[in-house]
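What follows is one structure encoded as structure tokens, with my remarks underneath.
What follows is calculated from the coordinates using simple rules that are stated; it is not laboratory data. Keep in mind it's a predicted model, so treat the numbers as computed, not measured. Glycine gets a Cβ as well: all are built from the backbone with ideal geometry, and neighbour counts include every protein chain shown.
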Amino acid sequence: MKNKGMKDSSACDDRTYEIRNDNCAERVRLYDHHLFKDMDWPNTEDGRYARAYLEPMMQQGSRSFMSNVETTLLLARIDDLVIPVTVNDTEYDNAYVCSPYTHYVSYAKQELIMLQKPMLEKGLSALLSLIGWGMKRSQINKVAHVNNWLLSTNLYPAMSGDQAACLLAAVQERYPEHVIVFRSLCPGLHSDLTARLTEAGCRLIPSRQIYLYRAHDPNFGNSKSRWLLKRDYELLAKHGYELVSVTDMTDADIPRIVELYKLLYLEKYSYHNPQFTEQFIAAAMASGTLRLYGLRKEGRLDAVMGYFCRNGVMTTPLFGYDTAVPQSVGLYRMLSACLIGQARENGHLLHESAGAAQFKRNRGAVADFEYSAVYERHLPWGRRWCWLMLDRLLNRVGVPLMRRMKL
């Protein structure tokens with residue numbers, strides 16, 4: 001897929017890419033768990049959010065909040081931005097948010113069922129096992145992720161391409177044996193970042209097809225999509241559900257919230273997604289790092305969502321419902337309609353992540369592709385080949401296939 005802000009990064013060459021400028025070293029400071037107490041947190045909306053979300057994780061470790069995420073967390077300060085950086089070496093059982101192996105092998109194997117072609121699925125599964133063996137040999141998980149909030153979608157602050165290049169240079173200098181990755185980049189939303197990072201030598205490797213809902217545009221969608229959303233929202237009254245906010249929730253709801261997320265995102269989708277703990281939910285409720293809403297009926301919480309907003313975009317890393325409730329009741333449809341209503345009220349573009357493709361298209365969402373910007377040119381060939389393979393395979397085969405199948 002080509003874009004004005006993208007270069008063809010599939011070629012393997014030995015050109016020298018300039019990723020530093022005269023004052024990059026002075027602009028970026030990295031804080032580990034020993035130094036972060038010295039952090040001068042910016043008194044900005046993004047700075048306050050970063051402190052509320054990241055400070056507890058720096059103090060208590062990632063596994064206290066996501067049971068299947070083991071990583072070293074650092075904070076990068078550049079100008080008035082605080083950016084989380086996660087560093088890993090192996091951890092092949094980690095959630096995909098900080099494990100390329102899990103993303104491209106373990107998770108990919110589970111999604112083969114979407115092809116609905118058993119013989120093809122079996123063959124591709126064997127191929128992925130072979131590729132996975134090679135990826136472990138090449139240490140694919142020896143990686144530092146920049147702007148990694150350990151969520152399915154990492155929203156970006158108002159970061160310039162030059163700031164991204166400086167972060168790349170600083171992290172690569174601190175971890176010279178690691179691949180450097182910026183996840184969750186969409187050229188349509190991050191043209192400056194993708195252009196500058198490709199200029200600095202990064203490959204843009206596809207990660208998934210995503211859906212964007214321009215809820216902030218009153219003319220977006222057509223009459224059919226608006227009718228479907230109206231019908232979905234009317235299901236609340238039909239089935240006796242009430243939309244409640246976090247002010248109507250208590251600590252007693254926390255185990256149920258974790259359960260509802262687990263029923264959908266882990267049991268129905270994949271245990272390779274982040275496995276949020278009760279402590280994560282409690283922290284989100286107390287600090288407001290996620291805006292929580294739920295569907296309650298006769299005192300029982302049957303569906304929940306938690307979203308956050310950054311730089312004009314909102315996304316929902318927490319989404320779940322009671323899958324034992326008959327599908328005809330429409331909990332997913334109700335919750336999705338409420339989410340789109342929140343996006344319209346906030347005036348934000350809604351990043352709906354991946355999955356449920358036809359459902360989202362029918363309600364007006366538009367497909368786009370999400371990429372990881374990967375810098376590996378400083379490493380020996382034995383460490384680089386798997387990234388080159390992913391680059392060529394996914395850009396030349398994966399993206400056209402996903403477009404054709406509308407996944």
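Compared with the direct C-alpha span, the chain from ASP89 to THR44 gains 12.9 nm at full extension, assuming 0.36 nm per residue.
Each of ALA237, PRO218, VAL258 was placed along the dipole of the stretch 207-267 (beta-carbon charges, centred on the mean Cα), and the one lying farthest toward the positive end is PRO218. Within the chain, antiparallel bridges make up roughly 90 percent of the DSSP beta bridges whose residues both belong there.
Say the cut-off is 24 Å between C-alpha atoms; which of LYS117/LYS230; LYS109/LYS142; LYS262/LYS297 go over it? Pairs exceeding the cut-off: LYS117/LYS230. The slack in the chain from THR250 to ARG29, taken as 0.36 nm per residue of separation less the alpha-carbon distance, amounts to 75.7 nm.
Summed over qualifying helices (DSSP H, 4 residues or more, each -39500 (n - 2.57)) and divided by its residue number, the chain shows a 222 nm mean residue ellipticity of -11000 deg cm²/dmol.
Exposed loop sites were defined as GluC sites (Glu not before Pro) in DSSP loop states (anything but H, G, I, E or B) carrying at most 13 other C-beta atoms within 10 Å; in the chain the longest segment without such a site runs 19-176.
Of the trypsin sites (Lys or Arg not before Pro) found in the stretch 328-407, those that fall in a DSSP loop while having at most 14 other beta-carbon atoms within 10 Å are LYS406. Considering only alpha-carbon pairs that sit under 8 angstrom and 6 or more positions apart, the relative contact order computed for the chain is 22 percent. Between SER125 and ALA324, what FRET efficiency comes out of the Förster formula 1/(1 + (r/R0)^6) with R0 = 35 Å and r the beta carbon distance, rounded to 0.05? Efficiency, from the Cβ-Cβ distance: 0.70.
For the chain, with a Gaussian network of springs between Cα atoms less than 10 Å apart, report the residue from SER207, SER67, SER223 with the top mean-square fluctuation. So, out of SER207, SER67, SER223, the one fluctuating most is SER223. When both the stretch 256-327 and the stretch 216-255 are represented by their alpha-carbon centers, they are found 14 Å apart. State the percent of C-alpha pairs, over all pairs in the stretch 92-175, separated by a distance greater than 19 angstrom. Of the Cα pairs, 53 percent sit more than 19 Å apart.
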